[in-house]
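Below is one structure, written out as structure tokens; the observations come after it.
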Amino acid sequence: MQAALSRPKLISLAAGFTDNASLPVAESRRLLNELLRATKTGRPALQYGTTAGEEPLRRLTAEHLHKLDSSSFSSSSFVLENEPRTRTRTKDEDEGNYSPERIIITGGSQQFLYMTTEALCDEGDIVLVEDPTYFVFLSILQSRNLRAHGVQLERDGVDLAHLEMVLARLKKAGELRRVKALYLVTYFQNPTGATTTLAKKRALLKLLKQYERAAGHPIYLIEDAAYRELAFGGRADLPFSPAERQLRPAAKNIAPPTALVLPGAKERVIYAGTYSKPYATGVRVGFGILPEPVYTAVLRIKGNHDFGTANLLQHLLARALASGLYDRHLAVARKNYARKAAVMKRAMAEHFPANIEIWEAAGGLYFWVRLPKKVSAGVNSKIFQTALKNDVLYVPGELCYAEDPWRRKPANEMRISFGHASAENIRAGIKRLGKVLRKLI
Ligand SMILES: Cc1ncc(COP(=O)(O)O)c(C=O)c1O
């Protein structure tokens, strides 16, 4: 991020920044003007609030999530193998899981992930993660002296057979009692763009439950849905490479419901959400939904961190949600990302060598690029260093793998973002990178 900000000639396809041009400047000005026009609305916004967050924002967040999950079930663009298009939802799902009393508003979802990890884990504990996963989460684990085990990731979520193998292996090694959670980035994953189907969420929740008796405590599913609302709304082609090009069947699951709709979710699912990506990263407000007793533990930690997220920002977001401005902005942002992703796809097809596999995104901010197995794209590799010399930056995929003693980290992958760069810079950046790849592979 620092490199992106401090080297004007550098084209960063690395940072997970959102699109600059479509940030809601005019919308936010209008909302803040409304808010601060009268003392009656201005004063509460400029005062301390509560640790859990402002009630209107928690209520609007609950309603918003409930609406998203309900529409995922009925949406015609959303089809899941083995899942009924519609079904009767239980009273518990409708009223319990999305209750504002279970929601905490945080300084970005990053703060929420940190506090949740602190609440759940003691030093030496284990968190299972997708292999690869969101690298800043890995650094939270590292900073707290926690261990991570990776579960292989497929285009539709973790490999269930591998998850079972990892759990069985930990059980055999007498380590199951150290396993506290499975952390998943379930929509348009950072870094791969993969989306976890509801069928997989259902199956893995069941699997975790099966191992709880041997663990002696709950094993939580932490569902990080940071990119959930950034679905392009169209069909995504599964991995393509300019060479193979015979497109495999298109991914149909554009944005499945969250694990909150599943039986037992109220006790075991910890949901991390954010308004950063869909609205503005500079506003930096996130939220979480938690079961007891984790909710109370996280609330206490939040009390010690900052006893409440900035009230002004919470009021701003509450107004954006209630007025419909949030949805209108999001519609524009999604179209914009879809367009930039298409620009990136075309540029890759034109400039990248043929023997490269690309996981195409159906939403979110990233493409995942896999070079031939023996080629390194890591931080110290010739490819990364030459790319940097040529003023183009990507995230080396190796950074997204946990320090897992059970496997070697692949070094042949790259995360490439279309989030921040303009369409023009995406074209230029991919062209520069393509030149480096053609020369060095
Ligand atoms: C998967 C994932 N989770 C959480 C976050 C944190 O975002 P924020 O703290 O802005 O909500 C990010 C940011 O890039 C992310 O990629």
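The values are calculated or read from the model by the stated rules, or taken from the named source; none is laboratory data. The model shown is predicted, which means the values in this text are computed figures rather than measured ones. Reconstructed Cβ throughout: ideal geometry from the backbone, glycine too, with neighbour counts over all protein chains shown. The area values use the complete protein model at the heavy-atom level, side chains included, leaving out ligands, DNA and RNA. Shrake-Rupley method; radii C 1.70, N 1.55, O 1.52, S 1.80 Å.
Of (1) without any contact (Cβ under 8 Å) to a residue 12 or more places away in the chain; (2) surrounded by 15 or more Cβ atoms within 10 Å (Cβ to Cβ), Lys67 satisfies all except one. Which? Only one criterion is unmet by Lys67, namely (2). So for the range 133-142 (the condition being open to solvent by 10 Å² or more (accessible area, probe 1.4 Å), over 17 Å from the mean Cα position of the chain (by Cα) and not polar (S, T, N, Q)), does at least one residue qualify? Checking the range 133-142: not a single residue is open to solvent by 10 Å² or more (accessible area, probe 1.4 Å), over 17 Å from the mean Cα position of the chain (by Cα) and not polar (S, T, N, Q). If you go through the range 301-325 and keep only what is farther than 15 Å from Leu46 by Cβ and free of Cβ contacts under 8 Å to residues at least 60 places away in the same chain, you end up with Asn304, Gly324. Condition first: within 10 Å of the ligand (Cβ to nearest atom) and over 20 Å from Leu60 (Cβ atoms). Now tell me which residues in the range 262-280 satisfy that. Those that are within 10 Å of the ligand (Cβ to nearest atom) and over 20 Å from Leu60 (Cβ atoms): none in the range 262-280.
Looking at Arg155, Arg169, just one residue is out of contact with any helix residue (DSSP H, G or I) (no Cβ under 8 Å at 6 or more places or on another chain) and at pLDDT below 95, and that residue is Arg155. Per this entry, Leu221 is counted among residues that are out of contact with any Cys (no Cβ under 8 Å at 6 or more places or on another chain) and modelled with pLDDT of 95 or more. Among the residues of the range 281-299, those that are out of contact with any helix residue (DSSP H, G or I) (no Cβ under 8 Å at 6 or more places or on another chain) and either of a type in the set (S, T, N, Q) or more than 16 Å from the ligand (Cβ to nearest atom) (or both) comprise Thr281, Glu292, Pro293, Thr296, Leu299.
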